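The values are calculated or read from the model by the stated rules, or taken from the named source; none is laboratory data. Bear in mind the structure is a predicted one, so any value in this text is a computation, not a measurement. A quick note on method: Cβ atoms are made from the backbone with ideal geometry, for glycine too, and the neighbour counts reach across all protein chains shown. The accessibility values were calculated without ligands, DNA or RNA, using every heavy atom of the protein model including side chains. Shrake-Rupley method; radii C 1.70, N 1.55, O 1.52, S 1.80 Å.
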Amino acid sequence: MTALLRTLSAALVVALPAQAAEVTSFELDNGMEVVVLEDHRAPAVTHMVWYRAGSADEDPGVSGIAHFTEHLLFKSTETLATGELSETVAANGGSDNAFTSFDYTAYFQRIAADRLELVMRMEADRMRNIRFIPEEIDTERLVILEERSQRTDNDPSALFGEQRRAAQYQNHRYGVPIIGWRHEMEELDGDDAQAFYDRFYWPNNAVLVVAGDVEPEAVRALAETYYGVIPANPDLTPRARPTEPPQLGERRITFADERVSQPYVLRTYLAPERNSGDQETAAALVMLSELLGGSSATSVLGQKLQFQAKTALYASAFYSPTSLDATTFGLVVVPAAGVSLEDAEAEMDRALAEFMVEGVDLAQLERIKFQIRASQIYAEDSVGSLARRYGSALTSGLTVEDVEAWPAVLDAVTPDDIMAAAELVFDRNKAVTGWLTRSVATEEVTQ
């Protein structure tokens, strides 16, 4: 590492606080968790409500109901007309949206700080007062089916990813697509949405995150006024999901589609998630993914496959630590022209085997840590990103303390930690290897 890099790295270590925004957290009497990220640099605020309910919390047979319910919450309540919430936010110069994941559903507004009470009142209203109107159910069902058509059914890579997940998770709900299986989506109705809503949409199953130009006590007062009056659900039960049985052998899939323009190899291994109070293994896996495939120009796979062997156009590795249950560590190789998928996979395995012998390049590890420190500082410029960091963590089994400790945990990772994590994860008996390839259309074959 150059002297300049060492100097900059040291400067970033000094500059990096545990959290640039002032963090305050508390709980309302009804069990709703509240996190306030105080940042007065701009007169704006991000207001988010996160529910500990995602697609992996659905009952069998109603896949997609978490996402469908998210859509329906933009319809009418007892006091708001359909679309009125979004129209009101827009009329006040703000924006709003929502998203569903395996582990959570979140709703948010970005707006001027002096409009916080307005959006909080409307968001609290739809926490318990949404109306499921049959005509709107039918219309919105067509919307989500069209969304599946555009984002999944018309994208062979998305279909391939869906099949890979289904092979990876044979019992756990992570194997079911967030948007749902089409044949089950077609049957979703108002009763399904009402049941999901009545089960999960309660203050004691929610996290409120308010970030921006706010004072914690003012947020507390507003939260108590609008959310605190909503009763807790005394029958709320701990999250319980089907347990994945031990995987005893590698699973393989080949997905062929005439629309595929670029074949590739994808392998994912079952990997531990980031756990509260025990984040070290997840941190080591983050570093491992960056070392193996973070940058084509400097990563192990990029150097060995793209620049030395010249067998790949692209090679990467990925790992997402924020997950309530066991997640995956993945490798991707796009073969160069004239290289078969079989040869591309063999070259990937050769590069991995060499890495396990050669170990971690210390200069590369320091470079990655430097980049992570820098990215954490840059992330402080976006209160929306900070709000998402806390909301996703708190709805995935982590705590405020875990979020604040995470930068230091990452920075403390050693080469031995990384190699131990690699030994733990790189077990072919816990892997799914997939080939996405191009099939030839029937009419092309017969001509």
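The residues of the chain expose, per residue, 43 Å² of accessible area to a 1.4 Å probe.
Computed on region 298-367, the Cα convex hull volume stands at 111 Å³ per residue. Dividing the summed helix terms, -39500 (n - 2.57) for each DSSP H run of n ≥ 4, by the number of residues in the chain produces a 222 nm estimate of -13000 deg cm²/dmol to the nearest 500. The distance between label points at residue 429 and residue 78 comes to 5.7 nm (points 7 Å beyond Cα on the Cα→Cβ vector).
Computed over protein heavy atoms with a 1.4 Å probe, the carbon and sulfur contribution to the accessible area of the chain reaches 52%. Loop-located GluC sites (Glu not before Pro) in region 175-275 (DSSP state other than H, G, I, E, B) with a sparse environment of at most 14 neighbouring Cβ atoms within 10 Å: 186, 187, 250, 258. Charged side chains reduced to their Cβ positions (Lys and Arg at +1, Asp and Glu at -1) give the chain a dipole of some 1100 debye around its Cα centre. Per-residue extension of 0.36 nm, minus the Cα-Cα distance of residue 153 and residue 27, leaves a gain of 41.1 nm for this segment.
What does the extension gain come out to for residue 195 and residue 41, with contour length at 0.36 nm per residue minus their alpha carbon separation?
51.2 nm
The angle between the Cα long axis of helix 415-425 and the main principal axis of the chain comes to about 90°, on a 0 to 90 degree scale. Counting heavy atoms of the protein chains alone, residue 202 has an accessible area of about 40 Å² for a 1.4 Å probe. The phi torsions of region 145-156, fed into the Karplus equation with coefficients 6.51, -1.76 and 1.60 and a -60° offset, translate into couplings of 5, 5, 4, 5, 4, 6, 8, 10, 5, 9, 10, x Hz, rounded to whole numbers, with Gly and Pro shown as x.
Going through (i) 22, 48, 20, 7, 2, 0; (ii) 20, 47, 29, 3, 0; (iii) 22, 52, 25, 1, the figure that equals P(r) over Cα pairs in 20 Å bins from 0, in percent as computed for the structure here is (iii).
Residues whose amide H lies under 5 Å from that of residue 254, counting only those 5 or more places away or on a different chain, are 435; hydrogens are built 1.01 Å from N in the peptide plane. Estimated at the nearest 10 Å², the accessible area of residue 423 is 130 Å² with a 1.4 Å probe. Taking every protein chain into account, the 1.4 Å probe leaves residue 114 with about 120 Å² of accessible area, to the nearest ten.
Computed from Cα positions, the angle between helix 216-226 and the longest principal axis of the chain comes to roughly 60 degrees.
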